[in-house]
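Throughout, read-outs are computed from the coordinates displayed, never taken from laboratory work. These numbers come from a predicted model, not from an experiment. Cβ coordinates were reconstructed from backbone atoms using ideal geometry, including for glycine residues, and neighbour counts include every protein chain displayed.
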Amino acid sequence: MKIFIGVLFLILLTGCTSIYIREIRPKPDISALNNGVDLGSVVNSPQQLYPKKEHSRQQGGWVLLAVDVNSEGVLNNIKPIDYSPTKNFVPYAVKYAREAKLNKPEEGEVIKNYYFLVVFEIWKHE
């Protein structure tokens, strides 16, 4: 009987962890990382897709990307640098960055290794 209760407790405990919300680390300071270079917010904001697993748990997060920004404000050479709390957000952040466009840098300038932060938030309707 004790074994049955122990197994039942473990099953219940495992089921509860599937809805566990992970703590999100503080977002990096983009201004400091970019040495004060600021291309502003996204000029054309594509639809941001959300990982299904994280959405069902109402888990927020962020992904830090290093990108090159061409003279038209298009992001390319996209590399994930850091994320929190889970890697599940990374492919969705990369897809968003591929479709996003920033303000144009100074005339003809190309910016290499510009840090770009993609934030995932669950909006709760009241």
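Counting charges near Gly61 (Lys, Arg +1; Asp, Glu -1) among other residues having Cβ under 13 Å from its Cβ returns a value of +2. A full extension of the chain between Lys52 and Arg25 corresponds to an added length of 7.6 nm, given 0.36 nm per residue minus the alpha carbon distance.
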